[in-house]
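Down below is the structure, laid out as structure tokens.
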Amino acid sequence: MPEIKSKKPLSSRILTFVFIALLLSSCYGQVNENTGKEENAKKNQTTVLKQNTVFPQIHTNLNGMVREFVRSMYQDTKGNYWFGTNGNGIIRYDGQTLETVSIEGIRPYMAVREIVEDKEGNVWFGTSEGLVKYDGEKFTTFSKKEGLHDNEIWGLTIDKSGLIWVGTIQGVNLFDGKNFVPFSLPKTLVENPEHMLSDKLVLKFIEDKNGIIWLVTDGNGVFKYNKGEFTHLTTKNGLTDNNAADILEDKQGNIWIGTFYGGVSKFDGKTFNNFTKDGIIKGVEIGNLYEDSKGNIWFSVENHGVYRYDGANFTQFTTENGLTTNGVQSIFEDNKRQVWFGTWQGISLYDGEKFMNAIEKEPWVK
């Protein structure tokens, strides 16, 4: 198990982040099989509905299929909804059936942390059990056996060339669909780094409009990678906290960075504007940066709900506005322009006017 070092008090979300990672990696072991056959059968609903949840579910937990929370959400180009859970595997809604997906060779109690889609319509899942590909008919899994550094995946993105960037707990791999190639970051470290899981872990990737890859590390700031050259962003050159949590490029080309201890900043390429330090945003632990179809920037703040930035003003939404809890784990907009919020106590949905239980809008819960 990785050693956990921190001089700062850990919030409930960070403790969960660490605990779940250790639990999954130590209890579930490694995946040996690399091909999976979809079994498509739904779990017995009577049994699923009797699962004990960590907290009472105020809003829907996908008909009782989710015991903790939905970590990632995605709607593919065919309209399928995909829900990546924190310990109940992959759940899919195809417009008619809500089902827990069973994949041969994969333990069902995996965490699904990232979901992306390539240009061919393949859906990729970064999980605690390796990399999973769905081609529309079958699932294929890739693990250490195929050259992956480690089966414990946190970061995942696909760049404009189709290359897949995979951030595992033992380092970064580049995957062209056939071979995994190691990708090494510079060995430069911030002063007194505080890694929560691993000094080799990249939690998030994005490729900006200029083709620059941004890599959010575990406690060692943010790296920019451009044509073989690295730039290291840390607190010494403007980053508000070396423990970054999420990153987003908006439609104007600004880079938004959420951190665990330093709030949220917008970087225009020259200057960091920290809205938390300026007192505009409450709370310092920022995650789940998301830009909707209207150009609004959404992000969660631990214990303070979510904020929406419309280009001029920030609006805070909490339980007083209908959000199920003030701890949000994931944000996503579907093709109906509904914004979904995965929380510890179920899934809330915002239709542009109000927050509600997703059960009120989606037919799969009726």
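Any read-out appearing in this document is the output of simple, stated calculations on the displayed coordinates, not a laboratory observation. Predicted model only: the values in this text are computed from it and were never measured. All Cβ positions, even for glycine, are placed from backbone atoms using ideal geometry, and neighbour counts span all protein chains on display.
A few comments on the model shown:
- Selection of trypsin sites (Lys or Arg not before Pro), segment 159-202, meeting DSSP coil and at most 10 other Cβ within 10 Å: Lys160, Lys178, Lys187
- Segment Asp135-Ser161, extension gain: residue separation times 0.36 nm, minus the distance between their alpha carbons: 7.5 nm
- Cβ charges +1 (Lys, Arg) and -1 (Asp, Glu), total dipole of segment 171-330, debye: 320 debye
- Restricting the calculation to alpha carbons of segment 285-366 gives Rg and Dmax of 11.8, 39 angstrom.
- Each label was represented as a point 7 Å from its Cα along the Cα-to-Cβ direction; for Asp351 and Gln96 these points are 2.5 nm apart.
- For segment 240-273 and segment 149-187, distance of Cα centres in Å: 22 Å
- Virtual spin-label span in nm between Lys78 and Thr319, 7 Å along Cα→Cβ: 4.0 nm
- Taking 10 °C and 1.306 mPa s as conditions, the chain diffuses translationally at an estimated 77 µm²/s according to Stokes-Einstein applied to its Kirkwood radius (Cα pairs).
- The chain, relative contact order in percent, only Cα pairs under 8 angstrom and at least six apart counted: 12 percent
- Taking Ser265, Ser102 and counting other C-beta atoms within 10 Å, the order from fewest to most: Ser102, Ser265
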